[in-house]
Amino acid sequence: MIKAIRVHELGGPEVLKWEDVELGEPKEGEIRVKNKAVGLNFNDVYFRKGVYKIPTLPYTPGREAAGVVTAVGPGLTGRQVGDLVAYAGDPMGSYAEEQILPANKVVPVPPSIDPIIAASVILKGMTAQFLLRRCFKVEPGHTILVHAAAGGVGSLLSQWANALGATVIGTVSTKEKAVQAKDDGCHHIIIYKEEDFVARVNEITSGNGVDVVYDAVGKDTFQLGRRFLQGTFYGVEALILLIGVSCVGVMGSRRITCFFTVEKLFSCGAWFSDLLGFLGSCLDRLQTRFAAGGTGSERTPLGFGI
Ligand SMILES: NC(=O)c1ccc[n+]([C@@H]2O[C@H](COP(=O)([O-])OP(=O)(O)OC[C@H]3O[C@@H](n4cnc5c(N)ncnc54)[C@H](OP(=O)(O)O)[C@@H]3O)[C@@H](O)[C@H]2O)c1
């Protein structure tokens, strides 16, 4: 018996219950992992509220964690008891002391990486990589706009884009978040509750607009975001990368001929495995930096050099 957070009905945070759960033993191809740290994502809230469909109730939320392997399924090679591993995505159920995972869904975490760091960047890191290096390849000289720059994904986007040589404009709701966004490498920060962010972006870019908008907010920012875009991307008129489900209300716009949602991440299987491997290699590189005396706080992106 283990403890896990269980959701029996959709709703606010009050529906999260800490309960005893029978876990069982790993079957063929599976491992049992004792979680050391669990990543939180806004995505978890969408599931809890029913914005994303939950296959069954009750369920255990969470799609990101790092922990130690406590048992392996029959005949499994490549993973052993005591390994520190991290995973992101499916299966859902990381808000738990222990969970059973398919062995091929985890990546090893080097011993010098704090499990808290591993658990907090594995999903958000893949998301940031997908957005900065695949949907639109951010290069030196680009100017980008990151909405919700102090959020989980936003803070990684800002750090990484800064390290790639882009000029990063971030929007946040409060002064406290502005401090964090600055620390995360935003060159210009707009507190959108106090300033007209359209006017400010035009001012910062001398009216030239930005190359890409990363929009994790959606409906409130989308119409305005369209105005900042310049140039073309693969021959299309504009590019706004819509990160969250809140963008659903604006889908179908004819003027934006190219657009992605990060939810696509989970529907492109090959990319997903590839990204998982990529994140694993980033953790390895972080370990090399630690070994070389780095503190881990340098503003080097996880995907440095890629
Ligand atoms: N985490 C991932 O890997 C991932 C993967 C795929 C998609 N996404 C999507 O990306 C978006 C950001 O995810 P995240 O995990 O980075 O979330 P997060 O850390 O909770 O950040 C969300 C940010 O959105 C802003 N925001 C604006 N309106 C909001 C509202 N009504 N309620 C809450 N926050 C609001 C807040 O910043 P301000 O206060 O500064 O406005 C907040 O910091 C979400 O839509 C999520 O579904 C994330």
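Which of (1) of a type in the set (A, V, I, L, M); (2) closer than 30 Å to residue 181 by Cβ; (3) at pLDDT 90 or above; (4) not in a strand (DSSP E or B) does residue 76 not meet, given it meets every other one?
Among (1) of a type in the set (A, V, I, L, M); (2) closer than 30 Å to residue 181 by Cβ; (3) at pLDDT 90 or above; (4) not in a strand (DSSP E or B), residue 76 violates only (2).
Can you pull out the helices (runs of 4 or more DSSP H) entirely within region 142-206 that have at least 2 residues that are among the charged types (D, E, K, R)?
Values: elements: 152-163, 175-183, 197-204.
Those helices (runs of 4 or more DSSP H) span 175-183, 197-204.
Mind listing whichever residues of region 29-40 are surrounded by fewer than 21 Cβ atoms within 10 Å (Cβ to Cβ) and within 13 Å of the ligand (Cβ to nearest atom)?
40
Exactly one of (1) at pLDDT below 95; (2) within 22 Å of the chain's Cα centre (by Cα); (3) of a type outside the set (Phe, Trp, Tyr) is unmet by residue 101. Its number?
Going through the list (1) at pLDDT below 95; (2) within 22 Å of the chain's Cα centre (by Cα); (3) of a type outside the set (Phe, Trp, Tyr), residue 101 breaks only (1).
Among the residues of region 145-177, what is the count of those that are near the ligand (Cβ under 9 Å from one of its atoms) and farther than 16 Å from residue 213 by Cβ?
7
Give me the residue from region 175-209 that is in contact (Cβ under 8 Å) with a residue 12 or more places away in the chain and aliphatic (A, V, I, L, M) and, out of that set, surrounded by the most Cβ atoms within 10 Å (Cβ to Cβ).
Selected residue: 181.
Is there a residue in region 125-134 that is within 10 Å of the ligand (Cβ to nearest atom) and touching a Cys at 6+ places or on another chain (Cβ under 6 Å)?
Residues of region 125-134 within 10 Å of the ligand (Cβ to nearest atom): 125-128, 130-131.
Restricting the remaining residues to those that are touching a Cys at 6+ places or on another chain (Cβ under 6 Å) gives none.
No; the residues of region 125-134 include none that is within 10 Å of the ligand (Cβ to nearest atom) and touching a Cys at 6+ places or on another chain (Cβ under 6 Å).
Tell me whether region 67-81 contains one or more residues that are within 16 Å of the ligand (Cβ to nearest atom), buried (at least 21 other Cβ atoms within 10 Å of the Cβ) and in contact (Cβ under 8 Å) with a residue 12 or more places away in the chain. Quick ask: steps written out before the conclusion?
Of region 67-81, the ones within 16 Å of the ligand (Cβ to nearest atom) are none.
Checking region 67-81: not a single residue is within 16 Å of the ligand (Cβ to nearest atom), buried (at least 21 other Cβ atoms within 10 Å of the Cβ) and in contact (Cβ under 8 Å) with a residue 12 or more places away in the chain.
Within region 1-43, count every residue that is out of contact with any Gly (no Cβ under 7 Å at 6 or more places or on another chain) and closer than 22 Å to residue 73 by Cβ.
Going through region 1-43 one residue at a time, the tally reaches 9.
Would you mind stating whether residue 125 is over 23 Å from residue 2 (Cα atoms) and not assigned by TED's automatic domain parsing to the domain that holds residue 35?
yes
Is it the case that region 104-114 has a residue that's touching a residue at least 40 places away in the same chain (Cβ under 8 Å), within 24 Å of residue 20 (Cα to Cα), more than 16 Å from the ligand (Cβ to nearest atom) and assigned by TED's automatic domain parsing to the domain that holds residue 11?
No, every residue in region 104-114 fails to be touching a residue at least 40 places away in the same chain (Cβ under 8 Å), within 24 Å of residue 20 (Cα to Cα), more than 16 Å from the ligand (Cβ to nearest atom) and assigned by TED's automatic domain parsing to the domain that holds residue 11.
Could you list all residues from region 122-141 that are assigned to a helix (DSSP H, G or I) and in contact with an Asp or Glu (Cβ under 9 Å, 6 or more places away or on another chain)?
Keep residues of region 122-141 that are assigned to a helix (DSSP H, G or I), which gives 122-135.
Across region 122-141, the qualifying residues are 122, 123, 124.
When the residues of region 17-57 are narrowed to those that are within 22 Å of the chain's Cα centre (by Cα) and part of a loop (DSSP other than H, G, I, E, B), which ends up farthest from residue 1 (Cα to Cα)?
The residue in question is 51.
The values are calculated or read from the model by the stated rules, or taken from the named source; none is laboratory data. Note that the structure is predicted; figures quoted are calculated from it, not measured. Quick reminder, even Gly has a Cβ in these numbers, built from the backbone with ideal geometry, and neighbours come from all protein chains shown.
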